[in-house]
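Below is one structure, written out as structure tokens; comments come after it.
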Amino acid sequence: MKKAKKYSNPNTRPLDYLYRCVSQGPVNNGLKKDCTFEHTFMEGDHNCPLCGNKLERTTKGLSVSEILRKGQQIETRNKKNEQK
Ligand SMILES: [Zn+2]
């Protein structure tokens, strides 16, 4: 049997997270009041391309595979409850 190593499988695809720039106050030498840069990246350390501030991973940006995993957990829990 061949083991498919394709990233099309959500279970093996690297996780993407929503990162947000949290820099406050004037950034980019005062050209911008604040920075609201948001983008999904793979897990790791990322810096804002606009102001160079370190991006923080947000909790609201669940990746598809994380949502699927959570859905499975809830489903399993529901099934356990039904068996009672
Ligand atoms: Zn920024």
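Readers should treat all values here as calculations from the given coordinates under stated rules, not as data from a laboratory. Since the structure is predicted, the reported quantities are computational estimates derived from the model, not experimental observations. Note that each Cβ is placed from the backbone with ideal geometry, even for glycine, and that neighbours are counted across all protein chains shown.
Pop a pseudo-label 7 angstrom from the Cα along the beta-carbon direction at both R77 and L15 and give the gap in nm to one decimal.
So the label points at R77 and L15 sit 1.7 nm apart.
Taking 0.36 nm per intervening residue step and subtracting the Cα-Cα distance, what contour gain separates R69 from D34 on full extension? Spell out each step's value before the answer.
Details: separation 35, 0.36 × 35 = 12.60 nm, distance 3.50 nm.
Working it through step by step, the gained length comes to 9.1 nm.
Spin-label point model (7 Å from Cα, Cβ direction): what's the Q24 to K54 distance in nm?
Placing both labels 7 Å beyond Cα along the Cβ direction yields 1.7 nm.
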